[in-house]
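Have a look at the structure below before the remarks.
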Amino acid sequence: MLLADRDPNRTVLVLTLGGTIAMTRTAASSGVAPTLTGADLVRAVPGLHSVATVTVEDFRQMPGASLAISDIVALVDRLKRAVSEGVDGIVVTQGTDTLEETAYLTDLYYPGSTPVVFTGAMRTAEAAGADGPANLLAAVQTAVSAQARGAGVLVVLGDEIHAARHVRKMHTTSPGAFGSPDIGPLGHVVEGAVRLHRALSVMAPVPLPTGALPQVEIVTASLDSSGTLLEGLENKVAGLVVAAFGAGHVPRTWCSRLEALAKAIPVVLASRIGTGPVLASTYAFPGSESDLLARGLISAGALDAYKARLLLTAHLAAGSPRYEIAEAFLHHP
Ligand code: ASP
């Protein structure tokens, strides 16, 4: 039998960053924009206060698309402070557009075992069947669960619990937009109780950046693409991720350019597919995975291009030498 975790003496900090969960129609335009405060979000959730004592803090008020890596660095500082203040769990609400990236970046940086759970909504707060309140409730239930302690940063939407390192937004509008296509959800919230089906190995945190953040970009392979976007990139960015075809392939016309780039900056080979790993030694044509790795590219392994970009950015920002960057990808759990 599942028993709901209910203890109003436990404390949860809800940090709001904006997103559809906080959006309503504004007088100024025909569309929606972030308007609701954290207090508004919490007020809309029936029964929340019997789960835990919730405090809210409006940390940012933005669409997901406008969040920056520096916002997440600041968020991680806030998380660490909250942990030292003795909070039992933390929930972050934000736009779903970038949630898979911000949650993963937080996972890379956050050293604590106090649960950190990201959530959002696919439907605005005013829409029929708004999913924000149910998602926030399930996120708080997860954040106070003993099972979530030390489980890494989690993402909860639609009563599914996902690992930040695996989750992806897979549909533009569906309330069931989030999934972990490689491994499935880590668990579920059922009748208010958290059930984790598996645990992942703990990731060693990457040190937070102290100086300016390095620019890392993604270039995607597409049929007969000229590769013109690769020209002169070594003078513009500190690192590059190639979102290659299939298991790690690019047009053969890209090969020499990528080889030259990989001598100047770290170039990571990921796939544009979004599920499944980049291969290492199956194909051997010019522009194949084995050819590109021999030319000095670093394999992203099973990380998709967006997450690979964040891992590369975090390591460049920490001043990691190239061999450590390669190791970080090789041993990524
Ligand atoms: N559609 C997005 C959301 O679900 C908008 C955003 O990311 O701010 O929140």
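The values are calculated or read from the model by the stated rules, or taken from the named source; none is laboratory data. Just so we're clear, the structure is a prediction, and the values are computed from it rather than from any experiment. All Cβ positions, even for glycine, are placed from backbone atoms using ideal geometry, and neighbour counts span all protein chains on display. Ligands, DNA and RNA are excluded from the accessible area calculation, which covers all protein heavy atoms including side chains. Shrake-Rupley method; radii C 1.70, N 1.55, O 1.52, S 1.80 Å.
Observations
- Criterion violated by ALA52 - all others in (1) small (Gly, Ala, Ser); (2) within 18 Å of PRO115 (Cβ to Cβ); (3) within 24 Å of the chain's Cα centre (by Cα) satisfied: (3)
- Hits in region 291-316 - residues which are open to solvent by 20 Å² or more (accessible area, probe 1.4 Å) and either at pLDDT below 95 or closer than 17 Å to ILE265 by Cα (or both): LEU293, ALA294, ARG295, GLY296, SER299, ARG309, HIS315, LEU316
- Scanning region 227-256 for residues that are open to solvent by 10 Å² or more (accessible area, probe 1.4 Å) and among the aromatic types (Phe, Trp, Tyr) returns a single hit, PHE245.
Residue-wise test of (1) open to solvent by 20 Å² or more (accessible area, probe 1.4 Å); (2) farther than 18 Å from ASP304 by Cβ; (3) among the small types (Gly, Ala, Ser); (4) outside any loop (DSSP other than H, G, I, E, B).
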position: PRO181; (1), (2), (3), (4): yes, no, no, no
position: VAL189; (1), (2), (3), (4): no, yes, no, yes
position: PRO207; (1), (2), (3), (4): yes, yes, no, no
position: LEU213; (1), (2), (3), (4): yes, yes, no, no
position: GLU217; (1), (2), (3), (4): yes, no, no, yes
position: SER225; (1), (2), (3), (4): yes, yes, yes, no
position: LEU258; (1), (2), (3), (4): no, yes, no, yes
position: ALA262; (1), (2), (3), (4): no, yes, yes, yes
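- Residues located in region 128-150, provided they are of a type in the set (A, V, I, L, M, F, W, C) and open to solvent by 20 Å² or more (accessible area, probe 1.4 Å): ALA128, ALA130, ALA134, LEU137, ALA146
- Some residue of region 160-172 being among the hydroxyl-bearing types (Ser, Thr, Tyr), closer than 26 Å to ALA127 by Cα and open to solvent by less than 60 Å² (accessible area, probe 1.4 Å): no
- For region 76-96, a tally of residues being away from the ligand (no atom under 14 Å from the Cβ), of a type outside the set (A, V, I, L, M, F, W, C) and either open to solvent by less than 40 Å² (accessible area, probe 1.4 Å) or under 25 Å from VAL167 (Cα atoms) (or both) returns 5.
- Residue list for region 40-52, filter: of a type outside the set (Asp, Glu) and either within 16 Å of the ligand (Cβ to nearest atom) or surrounded by 15 or more Cβ atoms within 10 Å (Cβ to Cβ) (or both): LEU41, VAL42, ALA44, VAL45, LEU48, VAL51, ALA52
- Residues that are touching a strand residue (DSSP E or B) at 6+ places or on another chain (Cβ under 6 Å) and part of a helix (DSSP H, G or I), drawn from region 264-292: LEU292
- Taking the criterion of being of a type in the set (Ser, Thr, Tyr) and either over 27 Å from the mean Cα position of the chain (by Cα) or within 17 Å of ASP97 (Cα to Cα) (or both), the residues of region 7-23 that qualify are THR16, THR20.
- Matching residues in region 15-38 - criterion: being of a type in the set (Ser, Thr, Tyr) and more than 11 Å from the ligand (Cβ to nearest atom): THR16, THR24, THR26, SER29, SER30, THR35, THR37
- Just one of the listed residues (GLU289, GLU259) is out of contact with any Phe, Trp or Tyr (no Cβ under 7 Å at 6 or more places or on another chain) and of a type in the set (Asp, Glu), and it is GLU259.
- Selection status of PRO8, within 16 Å of the ligand (Cβ to nearest atom), open to solvent by 10 Å² or more (accessible area, probe 1.4 Å), in contact (Cβ under 8 Å) with a residue 12 or more places away in the chain and not aromatic (Phe, Trp, Tyr): no
- Positions within region 276-290 being within 30 Å of the chain's Cα centre (by Cα) and surrounded by 15 or more Cβ atoms within 10 Å (Cβ to Cβ), in sequence order: PRO277, VAL278, LEU279, GLY287, SER288, GLU289, SER290
- The criterion of being touching a strand residue (DSSP E or B) at 6+ places or on another chain (Cβ under 8 Å), within 14 Å of the ligand (Cβ to nearest atom) and farther than 30 Å from ALA314 by Cα does not hold for MET62.
- Taken over region 97-135, the criterion of being in a helix (DSSP H, G or I), more than 13 Å from the ligand (Cβ to nearest atom), closer than 19 Å to VAL56 by Cβ and aliphatic (A, V, I, L, M) is satisfied by ALA134 alone.
- Unique residue being away from the ligand (no atom under 16 Å from the Cβ), closer than 19 Å to GLY19 by Cα, at pLDDT 95 or above and touching a Gly at 6+ places or on another chain (Cβ under 7 Å) when the list is VAL56, VAL73: VAL56
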